[in-house]
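Note sheet for the following structure.
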Amino acid sequence: MLNNLAQESPRVPDQKIRAVIFDLDGTLLDTAPDFVVVVNQLLTERDQPTLAPETIRTTVSNGARGLISLAFGIDEKHSDFPELRQRLLDIYSNHLAVYTQPFPGMMELLHDLDQRGIYWGLATNKPFAYTEPLMAALNLQPEPVTVICPDHVEQRKPHPESLLLAAKHVGCLPEEIIYVGDHKRDIDCGRQAGSITIAAGYGYIEPEDDINTWEADYRADSVAELRSIIEQLLINQ
């Protein structure tokens, strides 16, 4: 029986699963340790008190804009916002893969998929300028069959274009994809594309965010649970 169901009547794939596509930050990779260093370095440069790692961690999936808002308590309308955001990105460019690693158990999952002949890839809102060197530094094996960044689409997530393009690269229907993400925008993207969705409860979820309202097909609170859910979906097809 499938566990950690996000709905009382869990969705069962109508099509044979051909690929598992992941969000990047907070889903495939634990990038937060590098962002903790980067955000606190910027705060120190501006003579501001540093933040606790866990405070930064829960905001990483909101990207540079979210991190600047968190660190300095300002929004994008503030005159200092663009300069602070650019400085954050400049620091991050030199600190992409110092502490970042796949979440524990993730490499085993990727190898499981490879053994089953299931493709894996990425659909992320992280710009290609940071995604490409990060993935190159980690050199994950087996390699992803597709990496979709905002640079490759006209409309980023939660719009489904990223996942539709990933399906095209894989050579399958969107309904033949499992999409895993740690933010509501990921689940919205997957649902609109028609894919099976799994909410990564182990990811970067803000305290006030209720993952149970995202309407994902399944919820995994660890990579071990994610592996179990995917395995059962593949067995039952």
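Every number here is computed from the coordinates shown, using simple stated rules; none is lab data. These figures come from a predicted structure and were not determined experimentally. Cβ placement follows ideal geometry from the backbone for every residue including glycine, while neighbour counts extend to all protein chains displayed.
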For this session: Please get the size of the charge dipole for the range 126-237, origin at its Cα centre, with Cβ charges of +1 on Lys and Arg and -1 on Asp and Glu, quoted in debye to the nearest 20.
Result: 240
Seminar exercise, completed: Cross-link reach from residue 168 to lysines, straight Cα distance under 18 Å and at least 8 residues apart if same chain, gives 16, 157
Exercise. Any idea how far the Cα center of the range 97-115 sits from the one of the range 120-178, in Å?
Worked result: 16
Exercise. Got a sec? Charge dipole of the chain, +1 on Cβ for Lys and Arg, -1 for Asp and Glu; which of 103, 44, 128 is way out at the positive end?
Worked result: 128
Seminar exercise, completed: In deg cm²/dmol, rounded to the nearest 500, the helical mean residue ellipticity at 222 nm of the chain, built from -39500 (n - 2.57) for every DSSP H run of length 4 or more, is -12500 deg cm²/dmol
Exercise. Magnitude of the Cβ-charge dipole of the chain, K/R +1 and D/E -1, about the Cα centre, nearest 20 debye?
Worked result: 360
Exercise. Using the Cα atoms of the chain to build a convex hull, what is its mean projected area in square nanometres?
Worked result: 12.3
Seminar exercise, completed: Here the relative contact order (percent) of the range 32-93, from C-alpha pairs under 8 Å and at least 6 apart, is 35
Seminar exercise, completed: The farthest towards the positive end of the charge dipole of the range 32-93, of the residues 35, 60, 88, given +1 on Cβ of Lys and Arg and -1 on Cβ of Asp and Glu, is 60
Exercise. Given that compact globular proteins tend to follow 2.2 N^0.38 Å, what is the ratio of the alpha-carbon Rg of the range 32-93 to that value?
Worked result: 0.97
Exercise. When a footprinting reagent is the concern and you count Cβ atoms within 10 Å, what order do 149, 172 take, fewest first?
Worked result: 172, 149
Exercise. Which peptide among 214-226, 178-190, 77-89 comes first, and what is the full order, when sorted by highest mean count of other Cβ atoms within 10 Å?
Worked result: 178-190, 214-226, 77-89
For this session: Classify the range 110-237 as rounded, prolate or oblate from the Cα gyration tensor: take a ≥ b ≥ c as the square roots of its eigenvalues, call it rounded if a/c is under 1.5, otherwise prolate when a/b beats b/c and oblate if not.
Result: rounded
For this session: Once you have a ≥ b ≥ c as the square roots of the Cα gyration tensor eigenvalues for the range 182-230, tell me rounded if a/c is under 1.5, and otherwise prolate or oblate according to whether a/b is larger than b/c.
Result: oblate
Exercise. Which peptide among 62-74, 116-128 comes first, and what is the full order, when sorted by highest mean count of other Cβ atoms within 10 Å?
Worked result: 116-128, 62-74
For this session: Return the lysines within reach of residue 77: Cα separation strictly under 18 angstrom, same-chain partners fewer than 8 residues apart disregarded; answer none if there are no such residues.
Result: none
